[in-house]
């Protein structure tokens, strides 16, 4: 069965996921903590979805912080499509293991394609023609062709849903089931199996623009200018020179004023763990409001 590995450093009850769960630490981190590993078989889709939901709920993970590492030789097409749709609907990211041993072959590509952000530079993505694991030998050629065409239509619908070029299907169908065609880095980019999904990027950009009280186009322009102006500064957390530089450029204010706004945001929003962080950000960072 498909193994589901959680890379944590703690110990939880073996009854939760039995042997499918490996433990590493007791961190509540959500990024790079889950890995789908092994051959995908019938029933694994629902099983893995339930396991992911359990961990996300327990760790109170925000969708943007969930990344699923994928390491699989493929398997059942329907189960893979189910997992891929779940990942996209949940707005989770996908990646290959960063130790250069990651492999995502055959139907695994459907799972990987579901990520709103995909990182595939560190492993192999291999494709070939999908095939049926069991067919009635009494079927006619026209009946088998009809089944194949229906499967291709299902894959097309899925690729349209996750914004993967339909041309990838043509390449897949040109490779014999007994062979694997490893995609080059250029092909990963061409077929959008590397990078951020365009629809998701537009959504995030619009959300950020709203936080900054800007239009989407204005935010893109100012964000690019701020990145360029501050690229010489080391990226650090907290009230750092890099963050002060960024906000001063985004809002056309002095670095001193940016520092004050960040201090207020930390004092009145971060430290007390305010629930509505976006509104708090808008109040103290965007609008520069004074505390009551």
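Summary of computed values
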| item | result |
| --- | --- |
| Qualifying position, being more than 22 Å from the chain's Cα centre (by Cα), at pLDDT below 95 and not assigned by TED's automatic domain parsing to the domain that holds residue 93, among 213, 239 | 239 |
| Within the range 172-189, tally of residues that are within 16 Å of residue 128 (Cα to Cα), within 24 Å of the chain's Cα centre (by Cα) and part of a helix (DSSP H, G or I) | 3 |
| Any chance residue 276 is surrounded by fewer than 17 Cβ atoms within 10 Å (Cβ to Cβ), in contact (Cβ under 8 Å) with a residue 12 or more places away in the chain and either over 24 Å from residue 162 (Cβ atoms) or not assigned by TED's automatic domain parsing to the domain that holds residue 114 (or both) | no |
| Residue 98 vs. criteria in the same structural domain as residue 178 (by TED's automatic domain parsing), over 22 Å from residue 44 (Cα atoms), in contact with a helix residue (DSSP H, G or I) (Cβ under 7 Å, 6 or more places away or on another chain) and surrounded by 13 or more Cβ atoms within 10 Å (Cβ to Cβ) | no |
| Selection status of residue 180, surrounded by 15 or more Cβ atoms within 10 Å (Cβ to Cβ), assigned by TED's automatic domain parsing to the domain that holds residue 86 and under 20 Å from residue 111 (Cα atoms) | yes |
| Enumerated helices (runs of 4 or more DSSP H) restricted to the range 33-139, each holding at least 3 residues that are out of contact with any strand residue (DSSP E or B) (no Cβ under 8 Å at 6 or more places or on another chain), within 20 Å of residue 172 (Cβ to Cβ) and touching a residue at least 40 places away in the same chain (Cβ under 8 Å) | 77-90 |
| Enumeration of residues in the range 168-203 that are closer than 19 Å to residue 93 by Cβ and free of Cβ contacts under 8 Å to residues at least 12 places away in the same chain | 189, 201, 203 |
| Qualifying residues in the range 251-275 (those that are part of a loop (DSSP other than H, G, I, E, B) and touching a helix residue (DSSP H, G or I) at 6+ places or on another chain (Cβ under 9 Å)) - the one farthest from residue 207 (Cα to Cα) | 254 |
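Results for (1) surrounded by fewer than 18 Cβ atoms within 10 Å (Cβ to Cβ); (2) more than 17 Å from residue 70 (Cβ to Cβ); (3) modelled with pLDDT of 95 or more; (4) outside the structural domain of residue 34 (by TED's automatic domain parsing), shown as yes or no for each residue.
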residue	(1), (2), (3), (4)
113	no, no, yes, no
122	yes, no, no, no
144	yes, yes, no, no
176	yes, yes, yes, no
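The values are calculated or read from the model by the stated rules, or taken from the named source; none is laboratory data. Note that the structure is a prediction, hence the values are computed from the model and not measured. Quick reminder, even Gly has a Cβ in these numbers, built from the backbone with ideal geometry, and neighbours come from all protein chains shown.
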